[in-house]
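Trainee: Here it is: the structure, laid out below.
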Amino acid sequence: MDIDSVGKGDGDIGSCLDPELLILPELSPLALKSNPSIADDLFDQWLSLPETGRLVKSLIDDAKAGNPINAIGNSNTAGSHTTPSMFPAASTPPLSPRSSSGSPRFSKQRSSPPLGSPLKLVTEQVREVIPQFYFKNGRPPPKELEQQFFSRIDDFFNNHPDGLRLHEFKPLTKEICKLPTFFSSVLFRKIDTDSTGIVTKNGFIKYWVDSNMLIMDTETQIFKLLKRHNCNYISQVDFKPVLQELLATHPGLEFLKGTPEFQERYAETVVYRIFYYINRAANSRLTLRELKRGNLIDAMQHVDQEEDINKVLRYFSYEHFYVIYCKFWELDTDHDFFIDKENLIRYSNHALTYRIVDRIFSQVPRKFTSKIEGKMGYEDFVYFMLSEEDKSSEPSLEYWFKCIDLDENGVLTPNEMQFFYEEQLHRMECMGQEPVLFEDILCQIVDMISPEKDDAIMLRDLKRCKLSGNVFNILFNLIKFMSFESRDPFLIRQEREDPSLTEWDRFAHREYIRLSMEEDGEDASNGSIENPGNLVG
């Protein structure tokens, strides 16, 4: 091609080509691939511009003279050696912009690709490989952990090539599975589904490793062991096997072996206490979430290590069971294992008002399990007593809040509180005590709780305050109200000596000492096996 002719003779072509015509709409790589002539046409149009002719001629002249070649056109010849005016200075000409970000119309600045490949296609972005994050049966254990586990299993079963029987299984439960020893029989039966009486090495590996029990946390392991097949919760009866083994093997409960009746009552009480504190839905179905949020697993590990059962204050203390059962036995005068309103009104030397007892028997705070009209069973009494003697716990606050909330709208109003306090006021007058007007009491309650609204107390207001339990004592427990007003120095000293103890722990300790030293003449004389006074732990 004659460069001079391009620059001079084709002026009509250059004049008819408006540089803006080279700004094309966005073209995808696939369009260029299927129509390669587009690139050729664009190059021909660019080459036909007058400025392009002058640039090419300048580069040829520089090459002949031996001068260094400047691809941008800034040679030693000034003035005429510039890039076509349609492109920004110091920028290579963009050919067929493929996106708005690369177009001169939409981009203030763009990087300069090499001049030798102005039409190089943009490569597709490399896709990041996302590792698998969902496993139907749980994430498999790391190889290193699996190898360590198999090594320990090999060492353990070397002395038992034919497998382990139930009485030989406890060390494996404790040392390999890191579970409380009283779970050994439950774990054994989960593996020995055919009831052969033997757990082999392969059988244990199949259950513990292949089902990913190895990498589960302790709460999940225990949940899977206790729950029944196809259930996503633990019921009260599911605890029976582990508590039976605990009663049979724990040195602190050995004295109960001759009294199966009290073994059963102890196990029931432990289960009721567990569900009272941990089953926050109050539906007798303990979920994995509730189990993880509670402190039951720590208590189980503690009772497995501690020989003195009474040092395990959470759930398993025999002294706590003894106090609860003796209180129930004292109120159940006909010993039919049910108590009515007249029985309950005698609780703690007639401390409660008739109005609050009526609310309890209306089953507003909790439906009775006794299924007998006007009768409270042992489980119902356990829930009542735990709520009455420790009003600092959340289950207790919820229990009594429902009792005072007469219209069940989730708010305690002054009228509702006054309804219950009226009986307290009348009792104080009958006892010759100086009555405290409700207006003064209401101010004291508001100052104590600091609710969001002065004329309405909600449950969350009570849960925020450490003194909220005193509100309920003021409204329906005269003895505790008077004790709070007098600021009993003995109780204050007890709280300061060990602040880690709950109100229930301190109450149960005092009552156990009193009951163990008290001579119960009538019950001791008949020597009935049902008399808990004969079994002081």
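The values are calculated or read from the model by the stated rules, or taken from the named source; none is laboratory data. Note that the structure is predicted; figures quoted are calculated from it, not measured. No Cβ is skipped: glycine too gets one built from the backbone with ideal geometry, and neighbour counts run over all protein chains shown. Areas reflect the complete protein model, heavy atoms only, side chains present, ligands, DNA and RNA absent. Shrake-Rupley method; radii C 1.70, N 1.55, O 1.52, S 1.80 Å.
Trainee: At 1.4 Å probe size, with every protein chain present, just tell me what the per residue accessible area of the range 138-216 comes to in Å².
Mentor: Details: 4370 Å² over 79 residues.
Accessible area per residue, the range 138-216: 55 Å².
Trainee: To continue, here is another question. Working out 0.36 nm times the residue gap between residue 437 and residue 218, then minus their Cα-Cα distance, what length gain in nm do you get to one decimal? Let's see the in-between values first.
Mentor: Numbers: separation 219, 0.36 × 219 = 78.84 nm, distance 5.40 nm.
Stretched out fully, the residue 437 to residue 218 stretch lengthens by 73.4 nm.
Trainee: Be a star and scan the range 356-391 for residues whose amide nitrogen sits under 16 Å from the point 7 Å along the Cα-to-Cβ vector of residue 430.
Mentor: 356-358
Trainee: At 7 Å along Cα-to-Cβ for each site, give me the label-to-label distance between residue 288 and residue 44 in nm.
Mentor: Reported label-point gap for residue 288 and residue 44 is 7.0 nm.
Trainee: Given labels modelled 7 Å from the Cα in the Cβ direction, how far is it in nm from residue 456 to residue 483?
Mentor: Taking the simple label geometry, residue 456 and residue 483 are separated by 3.4 nm.
Trainee: Assigning unit charges at the beta carbon (Lys, Arg +1; Asp, Glu -1) and nothing else, what dipole magnitude in debye, to the nearest 20, does the range 138-216 show about its Cα centre? Mind dumping the intermediate values first?
Mentor: Numbers: 11 positive and 10 negative charges, 54 e Å.
Here the range 138-216 has a charge dipole of around 260 debye.
Trainee: Continuing with the same structure: Pulled fully out, how much extra length does the chain show between residue 336 and residue 363, if you take 0.36 nm times their separation in residues and subtract their Cα-Cα distance?
Mentor: Stretched fully, the residue 336-residue 363 segment lengthens by 7.7 nm.
Trainee: In Å², and per residue, what accessible area does the range 351-427 have when probed at 1.4 Å with the other protein chains present?
Mentor: Numbers: 2870 Å² over 77 residues.
Per-residue value: 37 Å².
Trainee: Would any residue of the range 197-225 have its amide N under 13 Å from a label point 7 Å out along Cα→Cβ of residue 146? List them or say none.
Mentor: 206, 209-215, by backbone N distance to the label point.
Trainee: Excluding residues on the same chain fewer than 8 positions from residue 201, give the aspartates and glutamates whose Cα lies under 16 Å from its Cα.
Mentor: List returned: 146, 154, 155, 162, 168, 175, 192, 210.
Trainee: As a quick test, which of the pairs 174/367; 240/311; 227/480; 327/463 have an alpha carbon distance above 30 angstrom in this structure? Present the calculation step by step, with values, prior to reporting the outcome.
Mentor: Details: 174/367 39 Å; 240/311 22 Å; 227/480 41 Å; 327/463 28 Å.
Violating the 30 Å Cα-Cα cut-off are 174/367; 227/480.
Trainee: So if R0 is 30 Å, what FRET efficiency would residue 514 and residue 311 give, r being the distance between their Cβ atoms, rounded to the nearest 0.05?
Mentor: On the way: r = 20 Å, r/R0 = 0.67.
Result of the calculation: an efficiency of 0.90.
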